[in-house]
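In what follows, a structure is listed as structure tokens, so that the remarks can point back to it.
Computed from the coordinates by the stated procedures, all read-outs in this text should not be read as laboratory data. The structure presented is a predicted model; accordingly, all values stated were derived computationally and were not measured. In this analysis, Cβ positions are derived from the backbone assuming ideal geometry, glycine residues included, and neighbour counts consider all displayed protein chains.
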Amino acid sequence: MIASNTDTTAPQGFADACVAVRTLLRFAGYDPDQPVIRDTPDRVARALADMTAGYREDPRVYLERVFPEQGADGMVVVSGIRFASLCEHHMLPFSGTATVGYVPRDGRLLGLSKLPRLVGVFARRLQVQERLTAQIARTIHEDLPAEGAACVVSATHTCVSVRGVTQPHAVTMTRAWAGSFRDDPEARLEFLGRAESTPDW
């Protein structure tokens, strides 16, 4: 799981968030003044601040430092990137793995840690999986920039597993293409082949 690199101090509005959690506890039929959960509002507010820390980060920061490598024009793929996010519809967690790839432009190569960090910034926001997938690919393509970028995300959603249809084993898969991947079916097939052949360590 990708760790947040943001300040963990209480953000603006923290006190209001704690009051809101107390209201939610009462709504659920729970007395927020019981000693055993006296600190729960504080914990919940801090957890939410951590899980939405991506709003206080600029993902482009991780695309600024590159390693020029003459002739480097082959596809770069990083798979098995684990993430956790919050569904914007129910504010319940969803988590899974992302595979991210790009084709360098002018030999501009990223450090291998930068793609997981980029995923982490977008994941630590209120999200829908389709948008998360598209944001990752589009940002790499436009802001690195790269000839093309691709992203595949596979995730399980708590809002599907514990409520509504209650399907705990349902997996949602999304794909996004940008640049050369959008126009080149062979590049898409190569990327998907690498993504599917990745061992599950």
Assign unit charges at the C-beta atoms only (+1 for Lys and Arg, -1 for Asp and Glu), then state the dipole size of the range 68-167 relative to its Cα centre in Debye, rounded to the nearest 20.
420 debye
Suppose R0 equals 45 Å. What FRET efficiency, 1/(1 + (r/R0)^6) with r the Cβ-Cβ distance, do D16 and L112 give to the nearest 0.05?
0.65
Among I81, I37, what is the fewest-to-most ranking by other Cβ atoms within 10 Å?
I37, I81
With a sphere of radius 12 Å drawn around the Cβ of G74, what net charge do the other residues whose Cβ falls strictly inside it have (Lys, Arg +1; Asp, Glu -1)?
-3
May I ask for the Kirkwood hydrodynamic radius of the range 46-92, worked out over all distinct Cα pairs and given in angstroms to one decimal?
14.4 Å
Nearest 10 degrees, 0 to 90: helix 14-27 Cα axis against the chain principal axis:
60 degrees
Modelled label-to-label distance, R163 and Q70, 7 Å Cα→beta-carbon offset: nm?
5.8 nm
Cα-based helix-to-principal-axis angle, 40-51 vs the chain, degrees rounded to 10:
10 degrees
Which ³J(HN,Hα) values, rounded to whole Hz and listed in residue order, are derived for the range 127-132 from phi using the Karplus coefficients 6.51, -1.76 and 1.60 in 6.51 cos²θ - 1.76 cosθ + 1.60 with θ = phi - 60°, glycine and proline given as x?
9, 10, 4, 4, 5, 3
Around P104 (Cβ within 10 Å, Cβ-to-Cβ, excluding P104; K/R +1, D/E -1) the net charge comes to -2
Cα-based convex hull, the range 74-201, per residue volume (Å³, whole number):
105 Å³
Assigning unit charges at the beta carbon (Lys, Arg +1; Asp, Glu -1) and nothing else, what dipole magnitude in debye, to the nearest 20, does the chain show about its Cα centre?
440 debye
Which peptide among 172-179, 141-148 comes first, and what is the full order, when sorted by highest mean count of other Cβ atoms within 10 Å?
141-148, 172-179
